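Below you'll find the structure, written out as structure tokens, and then a few comments.
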Amino acid sequence: MTKIPRPARRHLLAVTAAALTLGASALLPLANASAATGCTVGWSTSSWTGGFTANITITNLGDAVTGWTLGFRFPDAGQRVGQGWSATYQQSGQDVTARNVDYNGSLATGASTTIGFTGTWTTANPAPTSFTLNGTTCTGGTTPTTPPPSTTPPTTPPPTTPPPTTPPPTGTTPVAINGQLRVCGVNLCNQYGRPIQLRGMSTHGLQWFAQCYNDASLDALATDWRADLLRIAMYVQEQGYETDPTGFTNRVNSLVDEAGERGMYALIDFHTLTPGDPTYNLERAKTFFAAVSARNAGRNNVIYEIANEPNGVSWQTIKNYAEQVIPVIRANDPDAVVVVGTRGWSSLGVSEGGNSTEVINNPVNAGNVMYTFHFYAASHKDAYRAEVERAAARLPLFVTEFGTVTYTGGGAFDSASSTAWLDLLDRLKISYANWTYSDANESSAAFRPGTCYGGTYAGTGVLTESGNFLRNRIRTPDTFPTS
């Protein structure tokens, strides 16, 4: 087979992803924001054992404000803010502040805005009884309501009214059982609000290995491998999207259809690697995700990965990029899960000397978001696993790419480290996609070179050592809860 040019691989990484801004702070008004002279606050929660979702409606009864800070105090010391939306949150002890985001900072007299967050509690979950807006006490507050706890966490962001009872699944595929996915707390959850783990494979670059993704190979992935997930790796540079935006968009949409027909989830990967600054491709990302989210908005099997492996830039730069791309997706597909890349080749900074704290303390200002972690088992071992374990308690993580070999995509298959990694991901219910479902001439590929020019993909005879290992792990039965 003629060798197809491709970049030397890889990167790497480390750890974790998502939850919301916890840390130092006090109940202080925003600088340069005019004070409100009156306000009301409506507080409602949906609670389950150890956790809750709070919806907060703020109504300004005083002068118009151009920026606001809501302050309140949790009555119980065990209550903690988790992942939030429509505001940025900080907590110090039992005191919490919520500050406006760009689109809801202006509140005219009589105007309202609704914000919310998921949280945790240990011994009790009473509602706050006093609120301030820009330092002024809200005196006309609506009586907070706190229904009794249930045992099942809701989806995120939550509905404002109780959802209807979800009927039992009518099929046996991953999508038929789990339906539309949501982020709940630090987990990926199904239509029943229960944490699940998806296991699957990533394509290689569509510009080089299009021949590997046909009816026979995708049938094998769905029925022989029994995979839940197909990651569609669409390179932006390196003879990718930038050379033919329409053609690559159509190819991605076609593979979304193919995955859906087989009951698998489709993870659309905007595969940026070089340059490492995602803002270099900001306008391309907006154009691409506007197109694919509009086209696939009616589907319940699509997940969006908006930046593969940022590198050489700060987490704040990545966060700013995400907060410009996510609204483009939400305008068409408000319910889909979005996965955000992290610093240091999606290592949350570990491969550049950082750790997950930067994301924990400064999460993306959007709901239904997860954070990317990548690893290559022969290169990234105990220190990386320890950081994932630590971060997973605070952030919803998705391993959208990993290899069983070195970060170059080559080298010997590392059985011990690969097994340790997948055992950890299984225990923490972290979803994953392996690099790669291709016959690339490298040890990270699942198929032996030349396989994609034949017609046989099922069974073990066409697989590499890495492919055999992954097939054996992925095809073990899923445990998708439905009640």
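The values are calculated or read from the model by the stated rules, or taken from the named source; none is laboratory data. These numbers were taken from a predicted model, which means no experiment stands behind them. Note: ideal-geometry Cβ built from the backbone for every residue, glycine included; neighbour counts use all protein chains shown. These area figures cover heavy atoms from the full protein model, side chains too; ligands, DNA and RNA do not enter into them. Shrake-Rupley method; radii C 1.70, N 1.55, O 1.52, S 1.80 Å.
Using a probe of 1.4 angstrom and keeping all protein chains present, the accessible surface of the chain works out to 36 square angstrom per residue.
Residues whose amide H falls under 5 Å from that of Ala111, counting only those 5 or more places apart or on a different chain, are Asn60, with hydrogens built in the peptide plane.
Summing +1 for each Lys or Arg and -1 for each Asp or Glu among the other residues whose beta-carbon sits under 12 angstrom from that of Pro278 gives -1. Listed by chain and number, the aspartates and glutamates whose alpha-carbon sits under 16 Å from that of Lys286, ignoring those within fewer than 8 places in the same chain, are Glu242, Asp244, Asp269, Asp277, Glu305, Glu323, Asp333. Charged neighbours of Ser356, selected by a Cβ distance under 9 Å, balance to 0 (K, R count +1; D, E count -1). For the range 343-483, the normalised intensity computed at q = 0.14, 0.18, 0.20, 0.22 Å⁻¹ comes to -0.70, -1.04, -1.19, -1.34 (log10 of I(q)/I(0), Debye sum over alpha carbons, equal scatterers, no solvent). Taking the 1.4 Å solvent-accessible surface of the chain as the whole, the part contributed by carbon and sulfur is 53%. Largest accessible area first, the listed residues Glu401, Glu242 line up as Glu242, Glu401 when surface is computed with a 1.4 Å probe on the assembled protein chains.
With +1 on each Lys and Arg Cβ and -1 on each Asp and Glu Cβ, how big is the dipole of the range 411-470 about its Cα centre, in debye rounded to the nearest 20?
Details: 3 positive and 6 negative charges, 31 e Å.
For the range 411-470, the charge dipole is close to 140 debye.
Charge dipole (Cα centre; +1 on Lys/Arg Cβ, -1 on Asp/Glu Cβ; no other charges) of the range 330-483 amounts to roughly 200 debye.
Please say if the range 382-430 is rounded, prolate or oblate, where rounded means a/c under 1.5 for a ≥ b ≥ c the square roots of the C-alpha gyration tensor eigenvalues, and otherwise the choice is prolate for a/b larger than b/c and oblate otherwise? Taking the square roots of the gyration eigenvalues as a ≥ b ≥ c, the range 382-430 is prolate.
Of the residues Ala98, Ile268, Ala77, the one whose Cα sits farthest towards the positive end of the charge dipole of the chain is Ala77 (charges of +1 on Lys and Arg Cβ, -1 on Asp and Glu Cβ, taken about the Cα centre). When the charge dipole of the chain is built from unit charges on Cβ atoms (+1 for Lys and Arg, -1 for Asp and Glu) and taken about the Cα centre, the candidate among Val328, Ile232, Thr66 whose Cα reaches farthest toward its positive end is Thr66. Quick one: of the DSSP bridges fully inside the chain, what percent are antiparallel, nearest 5? Taking every DSSP beta bridge within the chain, about 60 percent pair in antiparallel fashion. Could you grab the Rg to Rh ratio for the range 330-369? Cα atoms only, Kirkwood for Rh. Using Cα coordinates only, the ratio equals 1.08. The value for the range 348-423 of Rg(Cα) / (2.2 N^0.38 Å) is 1.15. Rounded to the nearest 20, the Cβ-based charge dipole of the chain about its Cα centre (Lys and Arg +1, Asp and Glu -1) stands at 500 debye. With the gyration tensor restricted to C-alpha atoms of the range 404-483, the semi-axes of the equivalent ellipsoid amount to 24, 17, 10 Å, longest first. Quick one: 3J(HN,Hα) in Hz for the range 174-182, Karplus 6.51/-1.76/1.60 with θ = phi - 60°, rounded, Gly and Pro as x. Running phi through 6.51 cos²θ - 1.76 cosθ + 1.60 with θ = phi - 60° gives x, 6, 4, 6, 8, x, 5, 8, 9 Hz. Amide H contacts under 5 Å for Arg231: Met201, Ser202, Thr203, Leu267, restricted to partners 5 or more places along the chain or on a different chain, H placed in the peptide plane at 1.01 Å from N. Note the angle between two axes, namely the Cα long axis of helix 315-332 and the longest principal axis of the Cα atoms of the chain, as a number of degrees from 0 to 90, rounded to the nearest 10. It is inclined by approximately 90 degrees. Straight-line cross-link partners of Lys381 among the aspartates and glutamates, defined as a Cα under 17 Å from its Cα and at least 8 positions apart when in the same chain: Glu352, Glu389, Glu401, Asp414, Asp423, Asp426. Relative to the globular-protein estimate of 2.2 N^0.38 Å, the Cα radius of gyration of the chain stands at 0.99. Among Ser379, Ser112, the sequence by solvent-accessible area, most first, with a 1.4 Å probe is Ser112, Ser379. Counting Lys and Arg as +1 and Asp and Glu as -1 over every other residue whose Cβ lies under 13 Å from the Cβ of Thr166, the net charge comes to +2.
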